[in-house]
Amino acid sequence: MQGSTSTVWIAALVLLVSAVTAEPTCRPTGQYLLANPRDCRSYFYCFQGIAYYGVCQEGYRFEVSRQSCLQTTVAECFQCPTMGTLSLPHPTSCQKFVLCFEGVANERSCPDGLLFNRKLHQCDLSANVIC
């Protein structure tokens, strides 16, 4: 029984990894880049029929028309919950945060002298924030 449980967990993990990366089917010849439809920061480099996963650095998104990583705004590449209002940490700055409202990301800044506190989900005195 122990072996079958392990097999089930391994199969579930493989399915999860496949779902996250959404690996495409590449043409058998040539080399080119494809956007990952599940994540605006990542892409696939197709080379001779094999897909290799790649990720743009933080603050950048993959632009298929230019075949490169370009700077992005929060509104272009931030996943917000589809319902409700929530303040989340900005991906690149402690002085900013992302206000999610009904699935739409809006970049906001903390007032001078304050930083975004991830635990409280709000701006706080810089002495209380680990950035």
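Within region 42-64, residues that are within 10 Å of GLN31 (Cα to Cα) and touching a residue at least 24 places away in the same chain (Cβ under 8 Å) reach partners that are open to solvent by less than 30 Å² (accessible area, probe 1.4 Å) and of a type outside the set (Ser, Thr, Tyr) with beta carbons closer than 6 Å, at six or more positions or on different chains, in the pairs ALA51/CYS26; ALA51/PHE44. Please state which one of ARG66, ARG61, ARG27, ARG38 is on the phi < 0 side of the Ramachandran plot, of a type in the set (D, E, K, R) and surrounded by 13 or more Cβ atoms within 10 Å (Cβ to Cβ). After applying the criteria, what remains is ARG61. Looking only at residues of region 41-57 that are open to solvent by 90 Å² or more (accessible area, probe 1.4 Å) and within 19 Å of GLN79 (Cβ to Cβ), we find that the one that is modelled with the highest pLDDT is TYR53. If you filter region 88-120 down to residues that are open to solvent by 80 Å² or more (accessible area, probe 1.4 Å) and in a loop (DSSP other than H, G, I, E, B), you find that the one that is nearest to CYS77 (Cα to Cα) is THR92.
Would you check if there is a residue in region 91-111 being modelled with pLDDT under 95, of a type outside the set (A, V, I, L, M, F, W, C) and within 13 Å of the chain's Cα centre (by Cα)? Yes - at least one qualifying residue is present in region 91-111.
Take the conditions (1) more than 24 Å from ALA35 (Cβ to Cβ); (2) surrounded by 15 or more Cβ atoms within 10 Å (Cβ to Cβ); VAL74 misses just one of them, which is (1).
The values are calculated or read from the model by the stated rules, or taken from the named source; none is laboratory data. The structure displayed is predicted, hence computed values, not measured ones. Note: ideal-geometry Cβ built from the backbone for every residue, glycine included; neighbour counts use all protein chains shown. Protein only, heavy atoms only, side chains kept; ligands, DNA and RNA dropped before computing areas. Shrake-Rupley method; radii C 1.70, N 1.55, O 1.52, S 1.80 Å.
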